[in-house]
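Notes to accompany the following structure.
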Amino acid sequence: MKNVLRALALALMLLGMLLLVPSGALVGQAEIIELPMDAKKTDLIAPYEECYLSDWEYEDPSISVKIEEGRIYNTNYLVARIKIANATQIRAALSGNYNNLGSGEKLVTQARNVKAVFAISGDSVVGQMSNVGLVTRQGRNYRTKCDKAYEASGHRLDVLIIDEKGDFHILKEAANADVEAFSGTIVNGFAFGPALVIDGVRQTDFINAKPQVPTILAQRMCIAQTAPLEYMCIYAEGPENKGSKGLTLDEFADLVGSFGEIQTAYNLDGGNSCNVVFRRGGNYVKINGLNNPKVRSVWDIIYFSSAYIK
């Protein structure tokens, strides 16, 4: 009887100790955090190797990435579906030194530097159109010269804004006044385009879609939002890749529009600037267009980060 009472007392004591311990301590203080807007490399969280479920999939409690292959118009394509826990995990950066608006650098290097889970090349407006467009990265505005783009080419650029909630907003043929009138917080802003899908509607008439050449068969890239904190990145091969003819801008819009869940989609820089980076075998590698030996250095990166601390 004494042994039974002693065991019961011990059990009650252990239960009391558990109730006094914070729940996070039971799992090593594991938590999902919000990443700093202007995070340094040491502030960012490296992906966990055990969370790579395959060469095509990553999942931890804060982010999931699933990559698929497909084919359309005699051209191979990749699509990545990404879900994140909070808006600080969709991020962008300029290569090199921010003070000189970036310098060309391989995307694999850039992805490694920011500890990306998944990364794509951006709009390259920094290097290709050095005096025009909208360049905002992680809340810091470097340039709002949409009017100058019109003066230079006679055509205004579609602008993509990613706000503090991680939501996409497209300003069609934007002027400076349109950007300045935006009522939210511009975390990242791009000026390449054009818009491919707005409010779930596939866009048409890309005849003046500068700086793109709409009718050329080329590698293509876009970033899209499907729901709050859910995104897709879509890449199509070009004629440099054996077995693919490449897509016109209109054909690429067909591909993007075929994913009915897309609410907003925005075209990014194409050709040999298209890069998609993921980790395989513990290393960051380019996973798109593997039959094309050309790997161009690019000016900027759009990437998704883990926010999970074990």
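The values are calculated or read from the model by the stated rules, or taken from the named source; none is laboratory data. Computed from a predicted structure; not experimentally measured. FYI the Cβ positions are ideal-geometry reconstructions off the backbone, even for glycines, and counts take in every protein chain you see.
At a glance:
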{"read-out": "So F259, is it in contact (Cβ under 8 Å) with a residue 24 or more places away in the chain and over 15 Å from the mean Cα position of the chain (by Cα)", "value": "yes"}
{"read-out": "Residues that are under 18 Å from K115 (Cα atoms), in contact with a helix residue (DSSP H, G or I) (Cβ under 9 Å, 6 or more places away or on another chain) and without any contact (Cβ under 8 Å) to a residue 60 or more places away in the chain, drawn from the range 269-310", "value": "N283"}
{"read-out": "Candidate set: the range 185-207, residues that are in contact with a helix residue (DSSP H, G or I) (Cβ under 7 Å, 6 or more places away or on another chain) and assigned to a loop (DSSP other than H, G, I, E, B); chosen: the one nearest to I162 (Cα to Cα)", "value": "A191"}
{"read-out": "Among residues of the range 157-174, those that are buried (at least 21 other Cβ atoms within 10 Å of the Cβ) and not in a strand (DSSP E or B), counted", "value": "3"}
{"read-out": "Close pairs from the range 165-184: first modelled with pLDDT of 95 or more, partner among the aliphatic types (A, V, I, L, M) and not in a strand (DSSP E or B), Cβ under 7 Å, at least 6 apart", "value": "K165/A87; G166/A87; G166/L229; L171/V179"}
{"read-out": "Test for V277: is it assigned to a strand (DSSP E or B), at pLDDT 95 or above and surrounded by fewer than 19 Cβ atoms within 10 Å (Cβ to Cβ)", "value": "no"}
{"read-out": "Looking only at the range 120-135, and only at residues there that are over 11 Å from D300 (Cβ atoms) and crowded, with 17+ Cβ neighbours inside 10 Å, the one that is modelled with the highest pLDDT", "value": "L134"}
{"read-out": "Total residues in the range 38-56, condition part of a strand (DSSP E or B), surrounded by 16 or more Cβ atoms within 10 Å (Cβ to Cβ) and not β-branched (V, I, T)", "value": "1"}
{"read-out": "The range 141-175, subset in contact with a helix residue (DSSP H, G or I) (Cβ under 9 Å, 6 or more places away or on another chain) and among the hydroxyl-bearing types (S, T, Y), residue nearest to G193 (Cα to Cα)", "value": "T144"}
{"read-out": "Filter pass, F252 being at pLDDT 95 or above and in a loop (DSSP other than H, G, I, E, B)", "value": "no"}
{"read-out": "Selection count, the range 280-310, where residues are of a type outside the set (S, T, N, Q) and either in a strand (DSSP E or B) or in contact with a Phe, Trp or Tyr (Cβ under 7 Å, 6 or more places away or on another chain) (or both)", "value": "13"}
{"read-out": "So L217, is it buried (at least 21 other Cβ atoms within 10 Å of the Cβ) and of a type outside the set (F, W, Y)", "value": "no"}
